[in-house]
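Asks: Dumping the structure here so I can ask a few things about it.
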Amino acid sequence: MIFIYNRDEVQIDTLNVKPRFIREIGKLNTLEFECEKDYEKGFRVVYEYKGKPYEFIIIDQRYERDDKVSFRYFCQDSFIENSGVPILDKRPTGSYKVALSVALADSRWELVTGSDYSESV
């Protein structure tokens, strides 16, 4: 099941299609799927894989027209939105949790560790 959200993070659709989910070590996750609906670049896509939700951003789309109209979507892990944001050198002291919390302070992201994650789900 794939859930589609617009730029205001409002769910606008649910798709029952089989996507191509790729996880690579040291790289961002990617998701590819095909459907008959037209979504904009920048929309968010949530896909649950092995019980864990993954969030993606639609990066590219291809329009195909044969017997029927279809759109192919390429999505990258939503953490890519932090790639263009400079992290100021704040020199935090303390544990890795403190350092990552400081680095992510001006984004919509927050640090959740394994034990924190299982409690919040």
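The values are calculated or read from the model by the stated rules, or taken from the named source; none is laboratory data. A quick note: this is a predicted structure, and the numbers were derived from the prediction, not measured. When we count neighbours, we look across all protein chains shown, and the Cβ atoms used for this are built from the backbone with ideal geometry, even at glycine. In case anyone asks, the SASA skips ligands and DNA or RNA and just uses the protein heavy atoms, side chains included. Shrake-Rupley method; radii C 1.70, N 1.55, O 1.52, S 1.80 Å.
Asks: Which members of region 67-104 meet the condition of being out of contact with any Ser or Thr (no Cβ under 9 Å at 6 or more places or on another chain), at pLDDT below 75 and assigned to a loop (DSSP other than H, G, I, E, B)?
Replies: Ser83, Gly84, Pro86, Ile87, Leu88, Asp89, Lys90, Arg91
Asks: Could you tell me how many of the residues in region 31-68 are under 16 Å from Phe3 (Cβ atoms), out of contact with any Leu (no Cβ under 7 Å at 6 or more places or on another chain) and among the aliphatic types (A, V, I, L, M)?
Replies: Total satisfying the criteria: 4.
Asks: Being under 11 Å from the mean Cα position of the chain (by Cα) and free of Cβ contacts under 8 Å to residues at least 40 places away in the same chain is the requirement here; does Phe21 meet it?
Replies: So Phe21 fails the test.
Asks: Would you check if Ile57 is among the β-branched types (Val, Ile, Thr), touching a helix residue (DSSP H, G or I) at 6+ places or on another chain (Cβ under 8 Å) and open to solvent by less than 40 Å² (accessible area, probe 1.4 Å)?
Replies: yes
Asks: Show the residue pairs meeting these rules: Cβ distance below 7 Å; 6+ apart or different chains; first residue within region 37-52 and touching a residue at least 40 places away in the same chain (Cβ under 8 Å); second residue open to solvent by less than 100 Å² (accessible area, probe 1.4 Å) and aliphatic (A, V, I, L, M).
Replies: Within 7 Å, the pairs are Arg44/Ile57; Val45/Ile2; Val45/Ile4; Val45/Leu31; Val45/Ile58; Tyr47/Ile2; Tyr47/Leu31.
For (1) at pLDDT 90 or above; (2) touching a Cys at 6+ places or on another chain (Cβ under 8 Å); (3) under 15 Å from Asp77 (Cβ atoms), each residue gets a yes or a no:
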site	(1), (2), (3)
Leu28	no, no, yes
Lys37	yes, no, no
Glu40	yes, no, no
Val45	yes, yes, yes
Tyr49	no, no, yes
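Asks: Still on this structure, please answer the following. Report the residue count in region 25-41 for those that are open to solvent by less than 90 Å² (accessible area, probe 1.4 Å) and more than 20 Å from Glu64 (Cα to Cα).
Replies: 4
Asks: For Tyr63, work out the one condition from (1) open to solvent by 50 Å² or more (accessible area, probe 1.4 Å); (2) closer than 15 Å to Pro19 by Cα; (3) of a type in the set (Phe, Trp, Tyr) it doesn't fulfil.
Replies: (2)
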